[in-house]
Amino acid sequence: MKTTIMFCLAALLMISTSQAQEKQRVLMETELGDITLEMWPDVAPKTVENFVGLAMGTKEWKDPNSGEMKKEPFYDGLSFHRVIDDFMIQGGCPLGNGTSGPGYKFEDECYEAGTELTGAIIDENMALEVFQQVVAPYYQRTTEPDTLLDKIVKSCQAQQSGRPMMVHDVEWYKDKVGMPADQKIMGKGKLKAKVAYATICMANAGPNTNGSQFFIVTKKAGCDWLDGKHTVFGKVVKGMDVAHAIEKKGSGITINTVRVVE
């Protein structure tokens, strides 16, 4: 009896482990055929959640034409609006010209957490980096910066220096600026994934400007110049022949649907 129970437990454990190792897959149906994508939430959890949420219609987004907030499948009917032979195919723009997205932006997930910044800012180079990477981006996106932050930002901009920040403790910025505990300030951690053949990556307009646009890499050689600049969140496991067909056909190929299949 004991042996039977142990055998059953072992079998259940093997099944559980096997299921845990399985990656979520997304089927992208295009007018030239299907592309199956494997998602990498262990590499880019926020990006995968965003892509899947938009695809399935569970994440709210803003229609750039009407300004209406919607909660319906985002990618259905869009196109690969930007195609470069021997490089990539890009889609996910609701206006079809590369200028729009879901009405919001979110941060990159290219690197592991770097060195956490603690204690007072005592070095001008450190202060300038904190200003450029944390304070300035926060100041640009918040609608109601407090008086002290406003004064510091204007002083830094006027002096082209981070020195005005040096009299303040970093803990103040964690509270006021909302810097997460693992914020990469003084150096980046390990690169999570390289931009490589058959990977799907986020397209952007600069650091931390991700939205809905993505690209699938069709270039078989390296794309090292893109590493650390574009979040890699999965890969094509079936249908690269379709991706290459789109690559050869050029821009305008329609994405019929994008859905999670397992």
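The numbers here are math on the coordinates, done by the rules we state, and not lab data. Note that the coordinates shown come from a computational prediction; the quantities given were computed from them, not determined experimentally. Here the Cβ positions follow ideal geometry from the backbone for every residue, glycine too, while neighbour counts run over all protein chains shown.
Per-structure values
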quantity	calculated
Span per principal axis, largest first, for the Cα atoms of the range 20-83 (Å)	42, 28, 19
Order by protection proxy (mean Cβ within 10 Å, highest first), peptides 33-43, 216-226	33-43, 216-226
FRET efficiency, Arg141 to Lys249 (Cβ-Cβ, R0 35 Å, nearest 0.05)	0.35
Burial ranking of peptide ranges 67-75, 206-214 (average Cβ count within 10 Å, highest at the top)	206-214, 67-75
